[in-house]
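Single-structure report; data block below.
The values are calculated or read from the model by the stated rules, or taken from the named source; none is laboratory data. It should be emphasised that the depicted structure is a prediction, and the values quoted were computed from it without experimental measurement. A quick note on method: Cβ atoms are made from the backbone with ideal geometry, for glycine too, and the neighbour counts reach across all protein chains shown.
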Amino acid sequence: MSKNILVIGSSNTDMTVKTKELPRPGETVLGGVFTMGPGGKGANQAVAARRLGGDVKFICKVGKDIFGDNAVAGYAAEGLDTSGIIRSELPSGVALISVDEHAENCIVVASGANADFTVADVEASRKAIEECSILLLQLEIPVPSVVAAARMANEAGAQVVLNPAPACELPEELFKYIDIFIPNETELSTFSGMPVSDADSAAAAARKMQSMGVGRLIVTMGSKGALIVETDGSTVFVPAKKVKAVDTTAAGDTFCGALCVAVSEGKSLEEAAQFAAAASALTVQKMGAQNSIPFRSDLN
Ligand code: RIB
C-alpha cells in the first residue's frame, strides 16, 4: 500500500497570455489568447500527485471569494482531501503569467490569502501533519509557516520534501528537517552561494547544502534532466525526455508531485526521478498549469 502524501502550499488562479516575446521593462507587447485556470505551486503539486496515483491531502488558504470557491470545488473534483483547506479574509491568490514562443514564462503572483497562511494555521493542521508519511512544501506561503510545518512533520517521523520555489531567504534551521530538497539550478545557486551551471557544479553546491543539514537532493536542470545527490555525496544523472515544449509552467510542480508519488510507492530515488521526468515531459507539451498535468494512464 502506498503511503499518504500531505501537500501544504499555495493556491492561485492563473491568468495566462501567450506572446511572441516577453515584454522588457516599460514595454507593451500584443499577445495571443487569454486563458484562466487553476494554479499555484502547492495546488499544482497536489493535483500532480493525485492524478499520478497518490493518496493526497491538500491544505492551503483561499479567500471567501469566487476564485476560492472554484478552487476548492476543483480540488475536491480531482479527488484531493480538501478537509483541511482554510478560508482567509484576504482575496484568493492570483498569478499573472506570460509565456513566449520558446515556452519560457514570466510570472507575477499576488499572494493574497497565501500570504495569510500563519504558524497558527500550521498548528491547526497538526493532526494532518502528524498523520502524513510524506509532507511536500514549497515557498509560496510565509517562511515561518513552512519551517513550523517541516519541524512538526520531522518530529512526527514523516519524510519532508521541499521544493524551494520561489527562492527567498531561509533560516538554516529549516535545512535539517528536509529529507529531499528539489531546487532548480538558480535556486540551488541562491541557497548554496555557489555558481551552478552543469552537473559538476550542481553536485558541489548540493554537497554544500548537505553540510548545512539537507538530506538528499534532486537538482532539476530543465531540458537537460535532473541530478540526484545522495546523502553520501554520490550522484546519478537522470536525462530529460526530448520533447517539443510549448509552456514550461508547472513542469517543476509536476516533477515534485510525481516524485512524491513514486517515493510513496517505495521506488528508489532514481526510479522516482525517472517517473517524475516522464510526467513533466508531458506537462511542457500543453499550455497552462493544472490543465497540462498528466494522469497516470497518460504515462503508460
Ligand atoms: O509553478 C507554476 C505556478 O507558479 C503557477 O501555477 C503560478 O500560480 C505560480 O504560483
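Are any of the residues in the stretch 164-183 assigned to a strand (DSSP E or B), touching a Lys or Arg at 6+ places or on another chain (Cβ under 7 Å), closer than 20 Å to residue 210 by Cα and away from the ligand (no atom under 16 Å from the Cβ)? Scanning the stretch 164-183, I find at least one residue that is assigned to a strand (DSSP E or B), touching a Lys or Arg at 6+ places or on another chain (Cβ under 7 Å), closer than 20 Å to residue 210 by Cα and away from the ligand (no atom under 16 Å from the Cβ), so the answer is yes. Taking the numbered list (1) in contact with a helix residue (DSSP H, G or I) (Cβ under 8 Å, 6 or more places away or on another chain); (2) within 15 Å of the ligand (Cβ to nearest atom); (3) not in a helix (DSSP H, G or I) in turn, residue 16 passes all entries but (1). When the stretch 136-151 is filtered for residues that are surrounded by fewer than 20 Cβ atoms within 10 Å (Cβ to Cβ) and assigned to a helix (DSSP H, G or I), the ones remaining, listed by number, are 143, 144, 147, 151.
Which of the residues that make up the stretch 162-220 are crowded, with 20+ Cβ neighbours inside 10 Å, among the hydroxyl-bearing types (Ser, Thr, Tyr) and touching a Ser or Thr at 6+ places or on another chain (Cβ under 9 Å)? If the condition is that a residue be crowded, with 20+ Cβ neighbours inside 10 Å, among the hydroxyl-bearing types (Ser, Thr, Tyr) and touching a Ser or Thr at 6+ places or on another chain (Cβ under 9 Å), then 220 is the only one that fits. Taken over the stretch 81-104, residues that are within 16 Å of the ligand (Cβ to nearest atom) and in contact with a Phe, Trp or Tyr (Cβ under 6 Å, 6 or more places away or on another chain) amount to 1. Which members of the stretch 30-46 meet the condition of being within 16 Å of the ligand (Cβ to nearest atom) and over 17 Å from residue 95 (Cα atoms)? Within the stretch 30-46, just 46 meets the criteria. In summary, residue 54 fulfils each of the numbered conditions (1) surrounded by 24 or more Cβ atoms within 10 Å (Cβ to Cβ); (2) within 13 Å of the ligand (Cβ to nearest atom) with the single exception of condition (2).
Within the stretch 105-144, if we keep just the residues that are among the small types (Gly, Ala, Ser) and away from the ligand (no atom under 16 Å from the Cβ), the residue that is nearest to the chain's Cα centre (by Cα) turns out to be 133.
Is it the case that residue 154 is buried (at least 23 other Cβ atoms within 10 Å of the Cβ) and either part of a loop (DSSP other than H, G, I, E, B) or at pLDDT 95 or above (or both)? No. Selection of the stretch 282-300 for residues being touching a strand residue (DSSP E or B) at 6+ places or on another chain (Cβ under 9 Å) and either loosely packed, with under 14 Cβ neighbours inside 10 Å or not aliphatic (A, V, I, L, M) (or both) yields 288, 290, 291.
Annotation for the stretch 49-61: no member residue is modelled with pLDDT of 95 or more, assigned to a helix (DSSP H, G or I) and more than 20 Å from the chain's Cα centre (by Cα).
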